[in-house]
1. Would a scan of the stretch 21-35 turn up a residue that is in contact (Cβ under 8 Å) with a residue 24 or more places away in the chain, surrounded by 10 or more Cβ atoms within 10 Å (Cβ to Cβ), in a strand (DSSP E or B) and out of contact with any strand residue (DSSP E or B) (no Cβ under 6 Å at 6 or more places or on another chain)?
2. Can you find even one residue in the stretch 48-65 that is surrounded by fewer than 11 Cβ atoms within 10 Å (Cβ to Cβ), in a strand (DSSP E or B) and modelled with pLDDT of 85 or more?
3. Name the one entry in 61, 2 that is over 19 Å from the mean Cα position of the chain (by Cα) and touching a residue at least 24 places away in the same chain (Cβ under 8 Å).
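The values are calculated or read from the model by the stated rules, or taken from the named source; none is laboratory data. Quick caveat, the model's predicted, so the values are computed rather than measured. Virtual Cβ from ideal backbone geometry, glycine too; neighbours counted across all protein chains shown.
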């Protein structure tokens, strides 16, 4: 019984260490969305099948993100 508990505990410890070491770097899209939300942007999301369009606006900046078939296009317009 001790051996079964020890092996179970060891497997649990290894699974936690593997999951905590995953690469959790954010994509450019995620960074842009967080940046615009922090600036108080109005965010509009439109989904049509496999196509996603995200439009974010502040007083002086407009960002459009279009994702289709795994490809992402980001357009940024700044009012001067």
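1. No: the stretch 21-35 contains no residue that is in contact (Cβ under 8 Å) with a residue 24 or more places away in the chain, surrounded by 10 or more Cβ atoms within 10 Å (Cβ to Cβ), in a strand (DSSP E or B) and out of contact with any strand residue (DSSP E or B) (no Cβ under 6 Å at 6 or more places or on another chain).
2. In the first step, residues of the stretch 48-65 are kept if they are surrounded by fewer than 11 Cβ atoms within 10 Å (Cβ to Cβ); the result is 48-50, 59-60.
In the following step, the residues that additionally are in a strand (DSSP E or B) were identified as 48.
Within this subset, residues satisfying the condition of being modelled with pLDDT of 85 or more are 48.
Yes, the stretch 48-65 contains a residue that is surrounded by fewer than 11 Cβ atoms within 10 Å (Cβ to Cβ), in a strand (DSSP E or B) and modelled with pLDDT of 85 or more.
3. Result of the check over 61, 2: 61.
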